[in-house]
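Remarks on the structure that follows.
All of the numbers you see were taken from the coordinates with simple rules; none came from a lab. Every value quoted in this text rests on a predicted model; they were computed, and no experiment measured them. Positions of Cβ are generated from backbone atoms using ideal geometry, with glycine treated the same way; all protein chains shown enter the neighbour counts.
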Amino acid sequence: MKIGWFLGSGSAAPTLAAWVDEAVQAESDGFDSFWFAQTFGPEVLAVLAMAGQKTKRIELGTAVVPTFPRHPMVLAQEALTTQAASNGRLTLGIGLSHKVTIEGALGLSFAHPARHMREYLTIVKAIINEGGVDFTGEMYHVNGTVNVPGAAPCPVLVAALGPAMLKVAGELADGTVTWMVGPRTLKTHIIPRIAEAAKAAGRPAPRIAVGVPVAVTDDAGAVRERMAGDLRVYSRLPSYQRMLEAEAVARPVDVAVVGDEAAVERGLRAYAAAGATDLLVMAFPLGTDDAAKATRKRTKVLARSLVGKT
């Protein structure tokens, strides 16, 4: 299992240069990959394109870019540009986001999400792999080409949790990237469904990239309660609620991996045993105080020690 360093919306850096430095540091630390979540901060593909100019070997991934606000041809164009800038090290992770964001915050329709993703992914993959598309569906009609000098095709992962989305991801994408999914749910729900769909479509076994909130600490109880506040928002999102129910846990923090080095290593290895191909470690708790910084630093040291050993 490969180990990646994962930054989310709460991992704020003061400047774009500081975001790029995070990727540079992740490469220096020896991580296999560096992942960036797209929320309402910097545009992640632009940041990764800049990071691609300052790194040499580390994989650069998005986990994930929401699809509804972006035309598929535009996203494919952006991805190919980042792919060229990074000399072929981009993995494009895309996802639906959530109804509360797409409709409530952006004023767009969230109708027919699985159909949207199937058509969107078909278009994006065609442009990335073939340079153009002529597609007519129920939601999109796209006819055009994109030419980005020096850009090779990049892998595309889809954030998929429900059966319909896992079927789409298995049939069309190169794998999935998850969040708020525990090892039991991964083993009994996520992997069997996406693997079955990929096999039926004659595609290779899918990549399973799993984002996990992690904290290495000697005071697990106190840190866990602080993390509960950081993660509370996920308890209000239906797709994550269903994953927590499947894992038989009550709160988002209950899927976090928290404890001393030995306990956290056991927790992370449980994901490898469940079938994860990649582990994306997001360090918690958030905040800029010394205690939070120390916990995140300790988490990074432990995660880095596992690279190449899982």
Inset, instruction - Quick one: which residue in ARG304, ARG269, ARG224, ARG242 is touching a residue at least 12 places away in the same chain (Cβ under 8 Å) and more than 30 Å from ASP174 (Cβ to Cβ)? - result: ARG224
Legend entry - Which listed residue is out of contact with any Lys or Arg (no Cβ under 7 Å at 6 or more places or on another chain) and either in contact (Cβ under 8 Å) with a residue 24 or more places away in the chain or closer than 23 Å to PHE34 by Cβ (or both), from VAL281, VAL253, VAL258: VAL281
Legend entry - Within segment 25-57, considering residues that are surrounded by 18 or more Cβ atoms within 10 Å (Cβ to Cβ) and touching a Lys or Arg at 6+ places or on another chain (Cβ under 7 Å), the one nearest to ILE94 (Cα to Cα): SER33
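Would you mind listing the helices (runs of 4 or more DSSP H) fully within segment 211-310 where at least 1 residues are under 22 Å from GLU27 (Cβ atoms) and among the charged types (D, E, K, R)?
On the way: elements: 220-231, 238-247, 261-274, 290-306.
So the answer is 290-306.
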Inset, instruction - Tell me, please, whether a residue that is under 16 Å from the mean Cα position of the chain (by Cα), surrounded by fewer than 23 Cβ atoms within 10 Å (Cβ to Cβ), under 24 Å from ASP32 (Cβ atoms) and of a type in the set (Lys, Arg) can be found in segment 180-197. - result: no
Inset, instruction - Quick one: in segment 68-97, of everything that is out of contact with any helix residue (DSSP H, G or I) (no Cβ under 8 Å at 6 or more places or on another chain) and at positive phi, which residue is surrounded by the fewest Cβ atoms within 10 Å (Cβ to Cβ)? - result: GLY88
Inset, instruction - Would you check which residues across segment 164-179 are under 18 Å from the mean Cα position of the chain (by Cα) and among the aliphatic types (A, V, I, L, M) and list them? - result: MET165, LEU166, VAL168, ALA169, LEU172, ALA173, VAL177
